[in-house]
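The values are calculated or read from the model by the stated rules, or taken from the named source; none is laboratory data. This one's a predicted model, so the numbers in the text were calculated from it and none came from an experiment. Glycine gets a Cβ as well: all are built from the backbone with ideal geometry, and neighbour counts include every protein chain shown.
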Amino acid sequence: MSTSENKIPYKIYLTEEEMPKQWYNVRADMKNKPAPLLNPGTLQPMGYDDLRPVFCDELIEQELDNTTAYIDIPKEISDFYKMYRPSPLVRAYCLEEKLGTPAKIYYKFEDNNTSGSHKLNSAIAQAYYAKKQGLKGVTTETGAGQWGTALSMACSYLGLDCKVYMVKCSYEQKPFRREVMRTYGANVTPSPSQTTAVGRKILQEHPGTTGSLGCAISEAVEAATSAEGYRYVLGSVLNQVLLHQSIIGLETKAALDKYGVKPDIIIGCAGGGSNLGGLISPFMGQQLRGEATYKFIAVEPASCPSFTRGKFAYDFCDTGMVCPLAKMYTLGSGFIPSANHAGGLRYHGMSPVLSQLYHEGLMEARSVEQTSVFEAAEQFARVEGILPAPESSHAIRVAIDEAMRCKETGEEKTIVFGLTGTGYFDMYAYEKFHDGQMSDYIPTDADLQVGFDGIPPQPQE
Ligand SMILES: *Cc1c(COP(=O)(O)O)cnc(C)c1O
């Protein structure tokens, strides 16, 4: 180890003064912008007025803004951030030693808050703009429960009502998540439910269904648009969410810059793409401006392979087909991952920003099987001490794979990955893994075709 390297601490923090004061909007530096959302009826791009019944006004402006590179973080939000940010950037010295790799591994650890993930970064922003608009409350869906928890925390802080539609199988499997949300005053309904027309329709067509994110989204949108003073908020996929999550990448870059470290490989797990998009944004911006190059890797489950096996097409964001169409890598809005899939990241689609970047070859994607993900999780927990969320462990898997490749070639690459949260509420999945009851299910081409058949006819170019 060289002397300069000895100076890099285990954890790099930023001072309050060094904290980012603006979010970074990577769309401003993209030559080809992500495709606009389309009205599913007319197939016309949705403008500000079309989106107003569903989303908060200021968030629509952020959603549609493809040109402003830096957007000020309002003081109320940055004050809230100060309660749990900056999150540490950790040099994984112990993991490096255990692996015997010459690679230098860093992880950005987003678990410094009760929601247990990065999702609070966008939840507080979305709740703030809803409050500023004078709304009564917001509705949303949650799968594993981190987003619902984050939104409940943000809403209780600001005095907003919060209605959460929670995918039924999670509602039943994760009663403690549900109770955390109720502690923060949220109203939690298992989805599909009898409380919405779309929920009743889905229940009639698929009796006994344990639900999906796409289905919970449909219910949450209906609940928002049919009640006075409510809007719908979403925890991933949308451009505005990537914007808020850029705080992760900006802090990471500021911390690395402090020590003159330039990463070679940046890795993140990808469900809807928000943590990965947030982590890579400032680095991708440099690459788009021709200032630097990086290898970016999105990691997804082999059982829900939106990037690696999906189609780049306009598709519904939800099962009930009430939401706008987004152009993205998708498995079809009717796709539901196999019931034995325990590792999260179950969404059928992907952020339009990341989809566009991937389509242009500006980033890579890899799919990994869940038993290998839990092997990486356990290996990581045993040396770094942190019990990672299954979602985050997808990134750990590929970070370890890349570090082992460096061991073979002798290259001293610098690897940064996003450790998005902890796995305390995922112990059923860990239990299955420890009991040898976890299997790897990879959908066949015929399985995927069923989802693709539900992709609507594409608008004429
Ligand atoms: C929600 C979540 C993810 C995946 O969502 P993205 O929008 O793809 O970031 C990953 N890790 C954790 C811990 C999560 O809660």
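Overview of results
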item	result
Meets criteria (free of Cβ contacts under 8 Å to residues at least 24 places away in the same chain and either surrounded by fewer than 20 Cβ atoms within 10 Å (Cβ to Cβ) or under 19 Å from the mean Cα position of the chain (by Cα) (or both)) for Glu61	yes
Cβ-Cβ under 9 Å pairs, at least 6 apart or on other chains, segment 379-408 side touching a residue at least 60 places away in the same chain (Cβ under 8 Å) and not assigned by TED's automatic domain parsing to the domain that holds Gly143, far side acidic (Asp, Glu) and within 16 Å of the ligand (Cβ to nearest atom)	Ile386/Asp111; Ala389/Asp111; Ala389/Asp426; Glu391/Asp426; Ser392/Glu110; Ser392/Asp111; His394/Glu300
Residues of segment 241-282 classified as free of Cβ contacts under 8 Å to residues at least 40 places away in the same chain and within 16 Å of the ligand (Cβ to nearest atom), total	0
Candidate set: segment 91-125, residues that are within 21 Å of Asn275 (Cα to Cα) and away from the ligand (no atom under 16 Å from the Cβ); chosen: the one surrounded by the most Cβ atoms within 10 Å (Cβ to Cβ)	Ile105
Listing of helices (runs of 4 or more DSSP H) fully contained in segment 347-412 that carry 1 or more residues being within 29 Å of Met30 (Cα to Cα)	352-359, 390-409
Matching residues, segment 126-157, being more than 14 Å from the ligand (Cβ to nearest atom), touching a Leu at 6+ places or on another chain (Cβ under 8 Å) and either among the aromatic types (Phe, Trp, Tyr) or not in a strand (DSSP E or B) (or both)	Ala127, Tyr128, Tyr129, Ala130, Lys131, Leu135, Lys136, Ala154
Subset tally (residues that are assigned to a loop (DSSP other than H, G, I, E, B) and either closer than 17 Å to Leu120 by Cβ or out of contact with any Asp or Glu (no Cβ under 8 Å at 6 or more places or on another chain) (or both)) for segment 231-273	15
Phe296 being touching a residue at least 60 places away in the same chain (Cβ under 8 Å) and in a strand (DSSP E or B)	yes
Residue list for segment 158-177, restricted to those being within 16 Å of the ligand (Cβ to nearest atom) and basic (Lys, Arg)	Lys174, Arg177
Close pairs from segment 83-94: first closer than 13 Å to Ala254 by Cα, partner basic (Lys, Arg), Cβ under 6 Å, at least 6 apart	Pro88/Lys11; Leu89/Lys108
Test: Gly185 is modelled with pLDDT of 95 or more, among the small types (Gly, Ala, Ser) and in contact with a Cys (Cβ under 8 Å, 6 or more places away or on another chain)	yes
